[in-house]
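The values are calculated or read from the model by the stated rules, or taken from the named source; none is laboratory data. In this text, all values refer to a predicted model and were calculated from it rather than measured experimentally. FYI the Cβ positions are ideal-geometry reconstructions off the backbone, even for glycines, and counts take in every protein chain you see.
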Amino acid sequence: MPRESWNNSSKNTVPLQLPTTYLKPVKRNTITHEFDSTQPEILLPQEHDDHLSEASKLMHQGIQQQQAGELIAAIKSLQQSLEMFQAVGDLQKQAQVLSFLGLVTYTAGDYKSTISYCHQCLSLGKETSDFALQMQALSHLGNAYRHLNDHKKATEFLQKCLEITQQLQDKRSQVAALNNLGLVYKALGNFTQAIEYQQQSLEIVRELKDNWGEEQVLKNLGNAWYALDNYPKAIAYYEQCVVLARSLKNVRSASQVLKNLGNACYALGDYAKAIKYYEERLQLAKEIRDKRSEEQSLGSLGVACEALGDYTKAISYYEERLLLARTIKDRRSEEQALASLRVACYALGDYAKAMQYQQGTSANS
């Protein structure tokens, strides 16, 4: 993407092809700069400029729509707002809207549009000397390039973002920049550097008493230590993360980390503790009616019980998984459950039952 200056005409706005379906936010481990981190100025009625007032109204409408998860509507409102600010040549407001468009498209997983909007924002931000907007554009650019596997550019932009956060002494944004740099280095396989950045991020986020941010950083630190096969360290961070996730009622995050905890304990040979965490995850999955997590948990519990030599309990979990897989019409999981049941039945010496499960596979093939 070229980084030359953009002029003020609307033709420089890259049109986004909007799908007709509802856009769902993409879940990631990135910490983003949300709209409320820099609230735009509200144009007052006494400005007597209908055009600017309408543009400002559309900008705020786009912000509200994004926060409500209405991403397509948010993009449309912000694009209209941008065109109106471009028509009157208001560079400051153009840069603000472009930054917001960068965040919305990033949230939607449209990274190429994020990059386009943020390059425009960055160019205008330099013209207006708005360092806060430059910081946000650099952050979105770095995150988008990471998802496109351009780690060199991701590192470049996030390092610049970090420098500005330090100049502005904006600790909340430092947390995001350090965490996100850690994610880039993890993607590059440099886990030691990733941990170093995320450890710095953790110290600052705890100083800010930001529980939501801390939960995310703890999860990322656990993931980095897990990737290094340092399971005790991973478990230590994951356990702290689960406590926070539960206190914040972030059930889906707790479910994900409980899976990782179970896997780490299993890798250490602590099968009893692995079963404890898998059971906790199973309970959460049932509470939120997450059939996929429930099915995965049942499979993991069966494997852990087998590792303990408790084939009877393993068969019980595998049978429950088989029933669920058939209910949700997941053929692959059904075949895996049948295969697991055959192995467990053979281990118990129950060859007749093993044969039944063999016939079960044949009957469904």
Considering residues of region 289-325 that are of a type in the set (Asp, Glu) and within 30 Å of the chain's Cα centre (by Cα) only, the residue farthest from Ala344 (Cα to Cα) = Asp290
Can you tell me how many residues in region 103-113 are closer than 21 Å to Gln65 by Cα and part of a helix (DSSP H, G or I)?
-> 7
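Let's see how each residue does on (1) over 24 Å from Asn179 (Cβ atoms); (2) in contact with a Phe, Trp or Tyr (Cβ under 9 Å, 6 or more places away or on another chain); (3) touching a residue at least 40 places away in the same chain (Cβ under 8 Å):
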{"residue": "Glu83", "(1), (2), (3)": "yes, no, yes"}
{"residue": "Gln86", "(1), (2), (3)": "yes, no, yes"}
{"residue": "Gln92", "(1), (2), (3)": "yes, yes, no"}
{"residue": "Ser99", "(1), (2), (3)": "no, yes, yes"}
{"residue": "Gly125", "(1), (2), (3)": "no, yes, no"}
{"residue": "Ser139", "(1), (2), (3)": "no, yes, yes"}
{"residue": "Asn143", "(1), (2), (3)": "no, yes, yes"}
{"residue": "Asn149", "(1), (2), (3)": "no, no, no"}
{"residue": "Glu156", "(1), (2), (3)": "no, yes, no"}
Flagged in region 35-73 as closer than 29 Å to Thr165 by Cβ, exposed (fewer than 13 other Cβ atoms within 10 Å of the Cβ) and modelled with pLDDT under 55, in numbering order, are Asp36, Gln39, Glu41, Ile42
Applying the selection to region 76-92, what residues are surrounded by fewer than 24 Cβ atoms within 10 Å (Cβ to Cβ) and either in contact with a strand residue (DSSP E or B) (Cβ under 6 Å, 6 or more places away or on another chain) or part of a helix (DSSP H, G or I) (or both)?
-> Lys76, Gln79, Gln80, Glu83, Met84, Gln86, Ala87, Val88, Leu91, Gln92
Apart from one, (1) within 21 Å of Lys291 (Cβ to Cβ); (2) out of contact with any Phe, Trp or Tyr (no Cβ under 7 Å at 6 or more places or on another chain) all hold for Asn260; the odd one out is (2)
Taking region 292-332 on its own, how many of its residues are surrounded by fewer than 16 Cβ atoms within 10 Å (Cβ to Cβ) and either touching a residue at least 60 places away in the same chain (Cβ under 8 Å) or in contact with an Asp or Glu (Cβ under 9 Å, 6 or more places away or on another chain) (or both)?
-> 3
